[in-house]
Amino acid sequence: MLSVALPTGRLLKPARALLSLGGWKLPVRLEERRRLILEAGKPPTRFIFVKPSDVPVYVEYGIADAGIAGADVLWESMADVLEPLDLEIGRCRLVVAGRNGQSLAIDGTGTLRVATKYPRLTREHFHARGQHVEVIPLGGSVELAPQLGLADVIVDLVESGRTLAENGLVVLEEIGAISARWILNRSRMAMCGDEIERMTDRLSRAMLAMRRKK
Amino acid sequence: MVRNTRSRLLQRVPSGVQHYGLAEVRRRRAVEAALTASLRGWSYEEVILPILDYEEVFRRSVGDRSNGRMYRLIDPEGHVVGVRPDLTPLVAKLVATGLRGERLPIRVFYSGEVVRPQGPKTLGQGEFHQIGFEQVGGDSSPADLEIAVVALEALRAAGLISARMMLGHSGILPALVRKAGLRPETTSEVERSIDRHRHQGLEAALSRACVATPLKRVFRALMRRTRRPQDLAALGKQAGSTVERCLLELRRLWEDLQDLGYGDQVGVDLAEVGGFGYYTGVRFRVYANGVGFAVGGGGRYDKLLEHFGSAQPAVGFSFGLDRLLRALEATGVTPATASVPARAVRSPGHSRVGALEQALDLRRRGKRVRLC
């Protein structure tokens, strides 16, 4: 039986919709349930519910054969996994945001302080153009950091931009487009590739069905 | 305060390295012994390699200095040396220099640790025990087949029968890249996309580089799963003679392994393009249930020895002992670690000499004793 790691959080709803189109009916209100492992579909598939940033870990170590992970946490984790499908769900952007008029340039006023849940991606983004920044890693509510003076800017995901606006922030720079990826473990692909490939094919058909519905 | 820090350090293990004792050592040595006995049985002879060598020796393993994949030290004469992150270049150097003049082909094996600084990603292990074997000189295709068979048989000797070997070829992608005339930036994007099966990424990179459709199809086909040796032939026709030759090599190797009865244990994955930079031909990677990573790997490296002054073709394979142990554990195989029970020798009265006399007598007859 295949094991698939699914992220709790913002991706869970669209992932469940996609899986349901593919024939894996996961109960609604998953968030309220305490069970972290359940089986669904035919042939039965085991679904493991973990924190979004843990999905690449479970898949890289082969505890889960496959998983659904946002490109943000996937890149941040540097996990060595296969990523054959862009699932086109959970679309958003990874951006640098700050107060209107905030400069990102190196202007001699010292090092730019950047608060983020993605310390590695942030460092990479600024280093790529030779800018040294002070990265301040946070676990959540990153939008608060500029207001409270913890950081000058933030690097975070933006869907509609409403959360940013409510906290008096604007997008200063776009780092990349983010969406959920179907990821696979290399070893499991060598050991039970047929099974994994069948599931991948069913998912890409489900993606087509989802596109038609829109 | 100073004393406190010092004594804390004395009880701590530096990050990335580890020590083992008692039962764990018995377990590790039992698997090591099974593998090396199997290798000796195929006439591979042990070599002992230096723990350090000049950084240049490892350049093809780790790339240039900036990527930080090796510990570097300054030796007393001021040369930069590396703590061995890979053993194959040391074998290549030994064969090309110290063993120059020996009859070819030379078959050697080694068993020892490599050290790799932990990247930004993991806080885990940085010291790995590898058991590997290499064949230098000799005809390529029989040597490739021999290495594959010896690897699979060594695994069987260690108790891992469910392993699966994926074959690949390091010559294919570079030939395709040359044929398509890709620039370096595009090349690395194409390589990364293929390595991670990123279909959309590959498509975008190839379109931007205006690669012709028939050739695009070949790039795409590398990520497809190859089920039968015949499928490889179909791919070659559109891809040029170099690719065709590589595919033929792979096909023959695969068919030979099938004929030998390894059909269920062998497959082909043309998308495995990662690994050390010195590989030039057939590639091997072995996977097992219970471990998310390859338990062993290797390949042909025909250009490595010439850097050490003796151009010879070579092919090799190495097992990662830690991952192998995990795979064995997952499949429920416990290495036979039981030793002969020791005879307890007690001193009669208070005579220490008496006890030792008895023990010496037993030892000289080959018995295991334990003084009480």
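For this structure, a couple of remarks:
- Condition met for B:GLY349 (farther than 27 Å from B:ALA30 by Cβ and among the small types (Gly, Ala, Ser)): yes
- Conditions (1) under 23 Å from the mean Cα position of the chain (by Cα); (2) more than 26 Å from B:ARG196 (Cα to Cα): number failed by A:LEU85: (2)
- Any hit, the stretch A:119-134, residues being crowded, with 23+ Cβ neighbours inside 10 Å, at pLDDT 95 or above and farther than 20 Å from A:PRO14 by Cβ: yes
- The stretch A:46-74, subset in contact with a Leu (Cβ under 6 Å, 6 or more places away or on another chain) and either surrounded by fewer than 22 Cβ atoms within 10 Å (Cβ to Cβ) or within 14 Å of chain B (Cβ to nearest Cβ) (or both), residue modelled with the lowest pLDDT: A:PHE49
- Scope the stretch B:293-312; condition small (Gly, Ala, Ser) and more than 11 Å from every other protein chain (Cβ to nearest Cβ); matching residues: B:GLY296, B:GLY297, B:GLY298, B:GLY299, B:GLY309, B:SER310, B:ALA311
- Search result, residues across the stretch B:160-211 that are crowded, with 19+ Cβ neighbours inside 10 Å, among the small types (Gly, Ala, Ser) and not in a helix (DSSP H, G or I): B:ALA163, B:GLY168, B:SER170, B:GLY171
- In summary, B:VAL47 fulfils each of the numbered conditions (1) of a type outside the set (D, E, K, R); (2) under 23 Å from B:VAL149 (Cβ atoms); (3) exposed (fewer than 12 other Cβ atoms within 10 Å of the Cβ) with the single exception of condition (3).
- Some residue of the stretch A:1-16 being away from chain B (no Cβ under 14 Å) and over 14 Å from the mean Cα position of the chain (by Cα): yes
- The residue of the stretch B:18-50 that is farthest from B:PHE308 (Cα to Cα), among those that are assigned to a loop (DSSP other than H, G, I, E, B) and touching a residue at least 60 places away in the same chain (Cβ under 8 Å), is B:GLN18.
- Test result for B:ARG228, among the basic types (Lys, Arg), in the same structural domain as B:ALA143 (by TED's automatic domain parsing) and under 25 Å from the mean Cα position of the chain (by Cα): no
- Checking each residue in the stretch A:187-214 for being in contact (Cβ under 8 Å) with a residue 12 or more places away in the chain and within 14 Å of chain B (Cβ to nearest Cβ) picks out A:SER187, A:ARG188, A:MET189, A:CYS192, A:GLU195, A:ILE196, A:MET199, A:THR200, A:LEU203, A:SER204, A:MET207.
- Residue selection: B:ARG12 fails the criterion of being within 18 Å of the chain's Cα centre (by Cα) and either assigned by TED's automatic domain parsing to the domain that holds B:PRO105 or modelled with pLDDT under 95 (or both).
- In the stretch B:273-292, the residues that are within 8 Å of chain A (Cβ to nearest Cβ) reach residues that are in a strand (DSSP E or B) with C-beta atoms within less than 6 angstrom, at least six apart or across chains, in these pairs: B:ARG285/B:MET166; B:ARG285/B:GLY297; B:TYR287/B:ARG164.
- Qualifying residue in the stretch A:17-38 (condition: under 25 Å from A:LEU138 (Cβ atoms) and buried (at least 16 other Cβ atoms within 10 Å of the Cβ)): no
- Any hit, the stretch B:240-261, residues being of a type in the set (Val, Ile, Thr) and within 14 Å of chain A (Cβ to nearest Cβ): no
- Of everything listed in (1) part of a helix (DSSP H, G or I); (2) touching a residue at least 60 places away in the same chain (Cβ under 8 Å); (3) within 14 Å of another protein chain (Cβ to nearest Cβ), the single unmet condition for A:GLY176 is (1).
- Search result, residues across the stretch B:336-361 that are surrounded by 14 or more Cβ atoms within 10 Å (Cβ to Cβ) and at pLDDT below 80: B:THR337, B:SER347
- Qualifying residue in the stretch B:203-220 (condition: farther than 13 Å from B:ALA271 by Cβ and within 14 Å of chain A (Cβ to nearest Cβ)): yes
- Hey, B:GLU244 of a type in the set (D, E, K, R) and touching an Asp or Glu at 6+ places or on another chain (Cβ under 9 Å) or not: no
- For B:PHE128, the stated conditions do not hold, so it cannot be described as modelled with pLDDT of 95 or more, on the phi < 0 side of the Ramachandran plot, part of a strand (DSSP E or B) and surrounded by 13 or more Cβ atoms within 10 Å (Cβ to Cβ).
- Among (1) surrounded by 15 or more Cβ atoms within 10 Å (Cβ to Cβ); (2) modelled with pLDDT under 95; (3) more than 25 Å from B:LEU247 (Cα to Cα); (4) not polar (S, T, N, Q), the one test that B:LEU123 misses: (1)
Let's see how each residue does on (1) under 16 Å from B:LEU250 (Cα atoms); (2) surrounded by fewer than 18 Cβ atoms within 10 Å (Cβ to Cβ); (3) of a type outside the set (Gly, Ala, Ser):
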site: B:TYR278; (1), (2), (3): no, no, yes
site: B:ARG283; (1), (2), (3): yes, no, yes
site: B:ALA288; (1), (2), (3): no, no, no
site: B:VAL291; (1), (2), (3): no, no, yes
site: B:GLY298; (1), (2), (3): yes, no, no
site: B:LEU304; (1), (2), (3): no, no, yes
site: B:HIS307; (1), (2), (3): no, yes, yes
site: B:ALA311; (1), (2), (3): no, yes, no
site: B:SER318; (1), (2), (3): no, no, no
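- Here B:GLY267 meets the list (1) surrounded by fewer than 24 Cβ atoms within 10 Å (Cβ to Cβ); (2) at pLDDT 95 or above; (3) more than 12 Å from every other protein chain (Cβ to nearest Cβ) almost entirely, failing just condition (3).
- A:SER160 passes every criterion in (1) among the hydroxyl-bearing types (Ser, Thr, Tyr); (2) modelled with pLDDT of 95 or more; (3) not in a helix (DSSP H, G or I) apart from (2).
The values are calculated or read from the model by the stated rules, or taken from the named source; none is laboratory data. On a predicted model such as this, the values are computed, not experimentally measured, just so you know. Cβ sites come from the backbone with ideal geometry, for glycine too, and all protein chains shown count toward neighbours.
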